[in-house]
Amino acid sequence: MIRLILKNHDPAAKTGTNADALNGKGLGREVNKQASEQTLFVRGFIFGSRAERGPTFQDLKPIAALDRRKKKPNGWNTAVGKYAELIYSPKVLESKILDVIARDGKILDVGLGSGIQWLDFCEKHGLDIQKVNLSATSLTDTFHPILKEYGKDVVISDAASLHERFDAGSFDLILSNGSLSRQELSGIENIAHLVKSGGEAIITAKGPMSYEVLIQPLANSNYCELVNYTIPTINDIAPSWSIHIRKS
Ligand SMILES: C[S@@+](CC[C@H](N)C(=O)[O-])C[C@H]1O[C@@H](n2cnc3c(N)ncnc32)[C@H](O)[C@@H]1O
């Protein structure tokens, strides 16, 4: 994996210490406030025809039925602080999440896996999960039931259908780690649609991705500001990419 740097970029961001990237100016061009406040979801508004819905794993191979029979919760459980390790250290990401929680902001985790990681996060920081304004999505109903027992809103949805499940501009912070499979571009558009004015999204995904397909349209978008990103090189054996966007 390699970091490709846009103008103004501070290489310190590699270690998650780039306060500019996290709190200050973005990398793309200025965002049109009116465009960023649009409430109607129009597929392709950032990536054009490349942002088609795409079949999920679930469409191709229904794993939910299998997992339900086994009564086995989804085992994916990455520590929340490590969701964006490609661009921000756990400490930096955790402090961003804690800021949002401190002002009772709304957080969405797209493709949460088991969800137990949010209990661990709350325990680590002495927070009561019931008081954290957290929603999440899962492709199947195999997330851990304890999240719902604590009153968390876990919605079954693929990344390309989020606009049908949540209101436009309703989240202060959206996180997604490794969970946009086969719907990377439409998933990003959906996430951008749900971020509120002044809110942010930090997304990491596995797989090859190019500057032209991912970064250029985001940097040129009127809709949201590209704060930071990483993309893989052609030779990466385990390619991953990440983006940090903000709505003005
Ligand atoms: C690799 S796990 C990561 C889970 C968790 N975010 C973590 O970091 O541990 C991917 C999760 O995203 C879900 N997922 C995969 N593709 C998806 C898509 N296109 N839309 C929504 N969820 C998806 C899977 O069901 C799975 O629970």
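Here, each number is a calculation from the coordinates, and none is a lab measurement. Bear in mind the structure is a predicted one, so any value in this text is a computation, not a measurement. Heads up, the Cβs are rebuilt from the backbone with ideal geometry, glycines too, and the neighbour counts pull from every protein chain shown.
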Q. Hey, among the residues in the range 170-186 that are touching a Gly at 6+ places or on another chain (Cβ under 8 Å) and under 23 Å from LEU98 (Cα atoms), which one's surrounded by the fewest Cβ atoms within 10 Å (Cβ to Cβ)?
A. GLY178
**Q.** Residues within the range 206-246 that are surrounded by fewer than 21 Cβ atoms within 10 Å (Cβ to Cβ) and among the charged types (D, E, K, R), tallied
**A.** 3
(Q) Cβ-Cβ distance below 6 Å, separation of 6 or more or different chains: which pairs start in the range 81-106 with a residue that is under 23 Å from LYS206 (Cα atoms) and end on one that is small (Gly, Ala, Ser) and in a loop (DSSP other than H, G, I, E, B)? (A) TYR88/GLY16; SER89/GLY16; VAL92/GLY16; LEU93/ALA84
Q) On the given criteria, is ALA160 of a type outside the set (Ser, Thr, Tyr) and either near the ligand (Cβ under 10 Å from one of its atoms) or touching an Asp or Glu at 6+ places or on another chain (Cβ under 9 Å) (or both)? A) yes
Q: Scan the range 163-212 for residues that are within 13 Å of the ligand (Cβ to nearest atom) and aliphatic (A, V, I, L, M) and jot them down.
A: ILE174, LEU175, LEU180, LEU185, ILE188, ILE191, ILE202, ILE203, ALA205
Q.
Given the criterion within 14 Å of the ligand (Cβ to nearest atom), part of a loop (DSSP other than H, G, I, E, B) and closer than 30 Å to PHE45 by Cα, identify the matching residue among LEU108, LEU112.
A. LEU112
Q. When residues of the range 126-146 are filtered for being within 16 Å of the ligand (Cβ to nearest atom), without any contact (Cβ under 8 Å) to a residue 60 or more places away in the chain and out of contact with any strand residue (DSSP E or B) (no Cβ under 9 Å at 6 or more places or on another chain), how many remain?
A. 1
Q: May I ask you to list pairs of residues, at least six apart or on different chains, whose Cβ atoms are under 8 Å apart, with the first in the range 159-177 being under 17 Å from LYS247 (Cα atoms) and the second being aromatic (Phe, Trp, Tyr)?
A: HIS163/PHE41; ALA168/PHE41; LEU175/TYR83; SER176/TYR83
